[in-house]
Every structure is written in C-alpha cells, then in structure tokens.
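The values are calculated or read from the model by the stated rules, or taken from the named source; none is laboratory data. Predicted, not measured: the structure shown is a model, and the values here were computed from it. Every residue, glycine among them, receives a Cβ derived from its backbone with ideal geometry; neighbour counts consider all protein chains shown. With ligands, DNA and RNA removed, areas are computed over all heavy atoms of the protein, side chains included. Shrake-Rupley method; radii C 1.70, N 1.55, O 1.52, S 1.80 Å.
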Amino acid sequence: MFGLTIEDFLNNAKQSVLFTAPSLEKDLSAFLEEHTERIKNLAKTALDKGYKQIYWVGSGNSWCNLYSGDYILKKMTDLPSDYYKSYDFIWTSPSRLDKDALVILASFSGNTEDTAAALRFANEKGATTISFTSKPDSILAREADESIVYDSNGLFILPLAGAFIFSLEIARLKGRDVSKLYEQIEIMPELLGRIYREEESRAYRLARKYQESDLFYVLASGAAYAIGYKFGLTVFMENMRVNASFIETSEFRHGPAEMLDGHKPLMVFLVGSDESRDMSERVIKIAESNGAEIIRFDVKDYGDFDPLFAPFLLMIPLQWFAVYSAYYRGIFDLDERVLMGRGKMSTGNQITWP
C-alpha cells in the first residue's frame, strides 16, 4: 500500500525540518545555555533605553512562536505591546512605530519575503530591531540591529523560548516575581525529551484511527491560542495536505456551532490550564453532545506547570500526530513542498520563502 516502510519513514522523518521533536531536548538545552543571558541583557537594555512600544512580527510558524512574548508582556507588565503578521504590520503602519519602538521579528530561514519586508520597514521608521533566525547569513541576521541565531531546526520552540525569556525578564525588572517560571524553563528540555518518548504510541493510534479524515477543526484559546493556529493552518494543511480550520475556542459558539446541525466533524481541542479551560470544557461538551468526534490534547497530562507553558507542552504530542498522519496519507518526505520554497509565491532578491 505504501512506498516506504514505517520504520524507514520514521528514520527519515527524524532528519526532517518539520519533525524537530527528536532533537529538542538537546537543542533547547543548548539554546538556553548559549542565549539566555544575552536575551535577558536585551530586555534590560530595552527598559534602560525607555522604549515606549514593543512590536512582535512574523509570518506563519514564526508569527506563532512570538505570541507568548506579547501575551506575557500584556499579562504581566504595563509596557505597551502589539502582535502583527508581517505584511499587516507594514499595511497598518502603526503610529507608534518610530525611534521609541522596539520590533522583535522571527523567520526560520531569515529570508521570508513578508518578514524581511517588515524588518526593512521597521528600520526605515527608525525603530530598533531584534531578530530570531536559524541562518547566520540571512537578511534577518544581517540587517537587524541585534540577531539571535540559533542554528537548529527547532523553528518553533527555540524562538518561543527566546520570546518567553525576554518578556519574563521585562516583568522581573518591573517587579514581578517570576522565579518559579524561570525554574520551570530550566527543566523544560528534559521534560520535552520525556514527552517525546512517551507520546509516540498515542499519536500512532490517533493517526491510524483518523487516517481517512480530510477535515480538521482545531480549537484553542488563552496561552495555547497561537499553537492552535500553528497546527490548524501551518502544519495540518501544509504537512498533512488536508482541509483544516483554526477557531478560537469561545468563538465557536458565535456561529460555527450551527454547523453541527448538519455535520459531525473531527475537532481537535487544545485545552490549557489557564482561565480559558472552563470554556474549552463547555465547548467540548456542546460538540460531543451533537455528535462531533473529539481529539483532546490537554496540558494537564504533562505535569503541574504554569499555564503559560501550554505551547511547550503541546507541541510534541501534536507533532507526533502530524508525522504519523502524514505517513498514512502517503506523504513520505516531510520537507517536500509543491508551492512553498520554489519561488512561486515570493518575490525579491535573496528571498527564499514562501
């Protein structure tokens, strides 16, 4: 039935850019050791220089991995922060984008058309720019005022950790006690290694069970909002080649729920441990009582961590599911693309994505 045995597929998959889970324990540990103090110093410098506005800017996965930085600043500090997709940032042209603004951008390749354009736009406006990228010779590495080059395929977790630390340090310097959060960051590499080893069998069972499904609704809220967007759109559609939609959990009640009258969809819920948890439970109950199929990924399954860590805890279980699901849809090369990265959807000198 398939062109590759599952054992050979998994051996190849572990070298893939998509499947970062096998190396995250090592790569996150190295990232924290190499970059934590510098990121903390950048946060201190941001306060010392008196920036009046922080902007977080990216596209696709690299928009999602900056979400926690904005979320933490808004939740724990009074420093104004806003979160933009790259072209929306340019088209909006925020009135506070000037010499008193700090713009933090991310792009795995460092040559994403949208984000390279946003970086140059911010530089033209006189803002200070910081970039997260894996490539030292990229546009983002060369043209940002400060660049954090992580030299790893951990394109979601590593910039996420960087954004997390930056905003936590701002909060600490503004008087918040974040010592327990820093303690939890320190044990995150080992925890991700354990989750990687323990979650494979469940993902395999789910992928087999739903291998004929061609539509996934992914619902998430609160601290898990952006990782829901990431998997609903930039993984399930991109890497599994299925129809998918992302819906903020509470918004499902405002229109989409009526779809249950005529359809019994497959719904993937990312359930956090923050204030959004009760709403997730309510919507799951509504969906189940109307015949929907439910896949539940719950942060409480992975230990007693601060709710802010939802994207760290959920990424590997979701990634395992996507990897096995790709195999059972006949997708054997996880890095192969039909449109992306082939110059069909991007323009500009040195631009390589999408």
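Figure the gain on full extension for K285 and S95 (residue separation times 0.36 nm, minus the Cα-Cα span) and round it to one decimal in nm.
64.1 nm
Residue by residue through segment 266-273, which ³J(HN,Hα) values in whole Hz follow from phi under the Karplus form 6.51 cos²θ - 1.76 cosθ + 1.60 (θ = phi - 60°), with glycine and proline marked x?
8, 10, 9, 9, 9, 9, x, 10
Please find the FRET efficiency linking L4 to K74, where r is the Cβ-Cβ separation and R0 is fixed at 41 Å, and quote it to the nearest 0.05.
It comes to 0.35.
Please build a GNM for the chain, connecting alpha carbons under 10 Å apart, and tell me which residue among I294, I139, I316 fluctuates the most.
Looking only at I294, I139, I316, the biggest GNM fluctuation is shown by I294.
Run the numbers for K125 and Y182: contour at 0.36 nm per residue of separation, minus the present Cα-Cα distance, in nm.
Length gained between K125 and Y182: 17.1 nm.
Determine the shape class of segment 171-288: with a ≥ b ≥ c the square roots of the Cα gyration tensor eigenvalues, call it rounded for a/c under 1.5, and otherwise prolate if a/b is greater than b/c, oblate otherwise.
It comes out oblate by the Cα gyration axes.
When a/c is below 1.5 the answer is rounded, else prolate if a/b is larger than b/c, else oblate, so apply that to segment 72-192 with a ≥ b ≥ c taken from the square roots of the Cα gyration tensor eigenvalues.
Taking the square roots of the gyration eigenvalues as a ≥ b ≥ c, segment 72-192 is oblate.
Taking every DSSP beta bridge that has both residues in the chain, what percent is antiparallel when rounded to the nearest 5?
Antiparallel bridges make up about 0 percent of those DSSP assigns within the chain.
Computing the accessible area with a 1.4 Å probe over protein heavy atoms, can you report the carbon and sulfur percentage for the chain?
Answer for the chain is 46 percent, counting heavy atoms of protein chains only.
With percent of Cα pairs over 27 Å apart as the read-out, I listed (1) 50; (2) 59; (3) 46; which label goes with the value calculated from this structure?
Working out percent of Cα pairs over 27 Å apart from the coordinates points to (3).
Enumerate the helices in the chain for which the Kyte-Doolittle hydropathy averages 0.5 or more and the C-alpha atoms extend at least 15 Å along the helix's axis, using complete DSSP H runs.
Helix filter hits for the chain: 157-173, 310-327.
Round to a whole angstrom and tell me the spacing of the C-alpha centers of segment 60-99 and segment 222-282.
After rounding, the separation between the Cα centres reads 22 Å.
Among the listed pairs K26/K300; K75/K285; K85/K230; K52/K125; K209/K264, give every one whose C-alpha distance is greater than 18 Å.
Values: K26/K300 24 Å; K75/K285 29 Å; K85/K230 13 Å; K52/K125 14 Å; K209/K264 16 Å.
Table pairs above 18 Å Cα-Cα are K26/K300; K75/K285.
Name the residue, out of A144, A257, A117, whose mean-square fluctuation peaks in a Gaussian network model built on the chain with Cα pairs under 10 Å.
The residue that fluctuates most here is A257.
Using only protein heavy atoms and a 1.4 Å probe, report how much of E281 is accessible, in Å² to the nearest 10.
That residue has around 70 Å² of solvent-accessible surface.
Quick check for you: which residues of segment 94-114 have the amide N under 19 Å from the point 7 Å beyond the Cα of R38 toward its beta carbon?
103-111
Just report the Cα centroid separation between segment 17-42 and segment 153-179, whole Å.
After rounding, the separation between the Cα centres reads 12 Å.
If we sort 244-256, 77-89, 53-65 on the protection proxy, mean other Cβ atoms within 10 Å, highest first, what's the order?
My ranking of the peptides, most packed first, is 53-65, 77-89, 244-256.
Tell me, in nm to one decimal, what length is gained between D137 and R194 on full extension, where the rule is 0.36 nm per residue of separation less the Cα-Cα distance?
17.2 nm
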